[in-house]
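Quick notes on the structure that follows.
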Amino acid sequence: MKKNILLLINGFGVEQADSVSVYSKELMPNMDMLTTTGIFGSIPSNELDYKSGYRKFSIGISDALTYSIVNNDISNDGYKKSEMLNYIYNDLNQFNSKLHIICYYDNDTTLYQLSTFLKDMITKTNSKIFIHLILTQQKIDNYKSVEKAINAINYEFGNNTKIGIVSGSNNMNNSLAAKDFIKMLVAETGEKWKDLAKKMEVLYSTKTIPCDVRTFSLNTGFALSNNDSILFFNYESIDATQYTKELIAQKYAQLDLSTIKFYSLFQVKCDNVKVPFLYNYGVSSTYALGSLKSINAKCLVMDKKDRLGYINHYMTGLRNNMDPDLKYMPTDNGFIYNADVLINTISSAPQELIIVNYDITDCKTLEEIKDKLAKIDVVIGKVYEYAMANDGGLFITSLYGMEKDVLNSRHEVCKVNFSARVPVVIVDKLLSKVNYTFTESTLYDLSNTIFWNLNKSFKNSGIIKKKSSLMSIFYKKPKGGK
């Protein structure tokens with residue numbers, strides 16, 4: 001079985017109308033050459049991060065399966081009979097304590113499901129309920145839905161249910177930011193806002209994406225007290241270790257932490273506190289590793305160490321088990337930017353599919369983006385030569401684009417908008433653009449194309465199709481022609 005290489009330039013995409021000019025033939029001559037000689041096109045991409053990108057690539061779905069699990073439970077009123085939830089209500093009523101819901105807010109579906117739970121909660125307890133919103137969105141335009149969600153909760157559920165704290169999801173695993181969150185939760189000390197519209201306006205004007213928002217509060221009276229309960233309203237496998245670690249270490253108030261109970265919607269990782277959960281994660285019957293196994297192929301993924309866990313989660317169909325057919329290689333030392341070292345690694349790897357992850361989303365300036373793309377382009381040229389010399393296949397794309405403001409060389413703010421679509425280049429001696437054409441499809445279709453190119457027994461050719469014989473006539477060279 002021949003070797004296929006997938007180079008992912010994550011964050012890179014087709015430039016939109018409002019984007020400063022980044023890509024050029026001079027910046028990426030090898031990429032430009034391959035768009036001409038290989039099969040080239042673009043696919044839509046609404047993904048904005050690794051998690052959603054790998055979920056779409058591996059499983060083909062946009063929303064997490066956890067949303068479907070909760071929706072199914074809501075449709076048959078199963079959540080109303082939950083032993084865990086009823087235990088929480090009894091505990092709150094017994095101690096006249098507060099419920100803190102730490103809600104990882106994604107979209108309107110989150111709001112709908114949270115609202116449904118709240119309507120049942122306020123009928124079963126007179127306790128105060130505070131919603132602490134953890135914003136996960138990565139686009140500035142999402143503040144419209146955030147403001148809508150906050151207003152809905154603050155004004156539709158009475159005085160006993162209010163928004164307490166708002167914070168970005170990137171804060172929860174950062175020790176300093178998590179400490180600020182806990183200080184606010186315990187002592188109500190920190191940035192306070194009463195005018196929500198004004199705060200949203202400030203965040204929008206400063207180009208702060210929701211997942212990076214510094215912790216602030218909108219109401220008072222939410223301070224954590226003895227016998228309170230904390231419910232993580234989560235849809236992903238979050239790590240609550242840093243959060244609980246900072247809570248245990250806090251010195252802002254005399255709390256008996258043994259009286260504070262923790263719960264979650266779906267299982268969370270927490271090394272220092274036991275957290276019972278309401279639902280088990282769903283698994284997918286169709287996923288990348290399963291497809292590879294069906295054609296007896298193995299995969300090697302190269303990426304930064306802290307991303308390998310959730311890449312494994314999506315590549316194995318939302319399972320957390322490690323599989324010998326799927327290996328990982330950390331790239332934190334930057335070896336993937338050294339073409340010779342990378343090619344030696346690819347050449348010696350026993351796996352048939354090699355996925356190499358690059359990332360330009362952490363660049364702060366336009367020149368930094370261009371510099372990184374130029375370095376990646378050098379690697380593209382060398383990997384292309386290797387693939388052709390060894391009758392392999394080369395695929396180049398991105399799991400997601402990006403939209404952000406950066407500084408140019410004159411220290412002026414400019415927008416880089418690679419959102420909406422990402423480029424796709426396919427190069428293989430047996431996949432001539434004379435015989436094959438690019439079809440409008442998705443990131444999931446691209447993964448199927450790779451599997452099909454590894455082994456034609458895989459039935460789904462995905463993103464490309466063979467041209468009709470009539471169409472091929474127009475591409476035939478005349479006798480003696482060049």
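The values are calculated or read from the model by the stated rules, or taken from the named source; none is laboratory data. Since the structure is predicted, the reported quantities are computational estimates derived from the model, not experimental observations. Here the Cβ is made from the backbone with ideal geometry for all residues, glycine too, and neighbour counts use every protein chain on show. Please note that ligands, DNA and RNA were not included when accessible areas were found on the heavy atoms of the full protein model with its side chains. Shrake-Rupley method; radii C 1.70, N 1.55, O 1.52, S 1.80 Å.
Here are a few things to note about the model shown:
- Counting the residues of segment 219-259 that are open to solvent by 10 Å² or more (accessible area, probe 1.4 Å) and either assigned to a loop (DSSP other than H, G, I, E, B) or over 28 Å from Asn280 (Cα atoms) (or both) gives 18.
- Here is the figure for segment 326-356: residues that are in a loop (DSSP other than H, G, I, E, B) and either open to solvent by less than 30 Å² (accessible area, probe 1.4 Å) or of a type in the set (S, T, N, Q) (or both) total 6.
- Residue in segment 261-271 that is touching a Lys or Arg at 6+ places or on another chain (Cβ under 6 Å) and more than 30 Å from Met402 (Cβ to Cβ) present: no
- Answer residue from segment 87-108, given it is open to solvent by 50 Å² or more (accessible area, probe 1.4 Å) and part of a helix (DSSP H, G or I) and is farthest from Phe262 (Cα to Cα) among those: Asp108
- Filtered residue count, segment 25-47, keeping only those that are over 20 Å from Tyr337 (Cα atoms) and open to solvent by less than 50 Å² (accessible area, probe 1.4 Å): 8
- Residues satisfying the stated conditions in segment 109-138, i.e. more than 20 Å from Gly221 (Cα to Cα), in contact (Cβ under 8 Å) with a residue 40 or more places away in the chain and not hydrophobic (A, V, I, L, M, F, W, C): Thr109, Thr110, Gln113, Ser115, Thr116, Asp120, Thr136, Gln137, Gln138
- Segment 186-218, residues that are surrounded by 14 or more Cβ atoms within 10 Å (Cβ to Cβ), assigned to a strand (DSSP E or B) and not hydrophobic (A, V, I, L, M, F, W, C): Ser217
- Residue satisfying condition, being of a type outside the set (Lys, Arg), open to solvent by 10 Å² or more (accessible area, probe 1.4 Å), out of contact with any His (no Cβ under 9 Å at 6 or more places or on another chain) and over 21 Å from Asp228 (Cα atoms), within set Glu147, Glu83: Glu147
- Test result for Leu353, in contact with a Leu (Cβ under 6 Å, 6 or more places away or on another chain) and in contact (Cβ under 8 Å) with a residue 40 or more places away in the chain: no
- Test for Gly41: is it farther than 22 Å from Leu399 by Cα and at pLDDT below 95: no
- Qualifying residue in segment 221-232 (condition: within 25 Å of Gly53 (Cβ to Cβ), modelled with pLDDT of 95 or more and out of contact with any Cys (no Cβ under 7 Å at 6 or more places or on another chain)): yes
- Per the conditions (1) within 21 Å of Phe266 (Cβ to Cβ); (2) surrounded by 14 or more Cβ atoms within 10 Å (Cβ to Cβ), the sole criterion not satisfied by Leu300 is (1).
- Residue among Phe266, Phe277 that is open to solvent by less than 30 Å² (accessible area, probe 1.4 Å) and closer than 30 Å to Leu176 by Cα: Phe266
- Single residue of segment 402-451 satisfying the filter (within 21 Å of Leu34 (Cα to Cα), at pLDDT 90 or above and of a type in the set (Asp, Glu)) that is most open to solvent (accessible area, probe 1.4 Å): Asp445
- The residues of segment 64-86 that are in contact with a Phe, Trp or Tyr (Cβ under 8 Å, 6 or more places away or on another chain) and either without any contact (Cβ under 8 Å) to a residue 40 or more places away in the chain or part of a helix (DSSP H, G or I) (or both), listed by number, are Leu65, Thr66, Tyr67, Ile69, Val70, Asp73, Tyr79, Met84, Leu85.
- From the options Gly164, Gly190, residue that is in contact with an Asp or Glu (Cβ under 7 Å, 6 or more places away or on another chain) and either under 12 Å from Ser217 (Cβ atoms) or charged (D, E, K, R) (or both): Gly190
- Some residue of segment 420-441 being part of a helix (DSSP H, G or I) and in contact with a strand residue (DSSP E or B) (Cβ under 7 Å, 6 or more places away or on another chain): no
- Checked against the criterion of being in a strand (DSSP E or B), surrounded by 15 or more Cβ atoms within 10 Å (Cβ to Cβ), at pLDDT 95 or above and under 29 Å from the mean Cα position of the chain (by Cα), the candidates Phe130, Phe117 yield just one match: Phe130.
- Each residue in segment 260-283 was checked for being part of a strand (DSSP E or B) and under 13 Å from Leu231 (Cβ atoms), and 9 of them qualify.
- Selection within segment 150-176 - open to solvent by 60 Å² or more (accessible area, probe 1.4 Å), in a loop (DSSP other than H, G, I, E, B) and touching a helix residue (DSSP H, G or I) at 6+ places or on another chain (Cβ under 8 Å): Asn160, Asn173, Asn174
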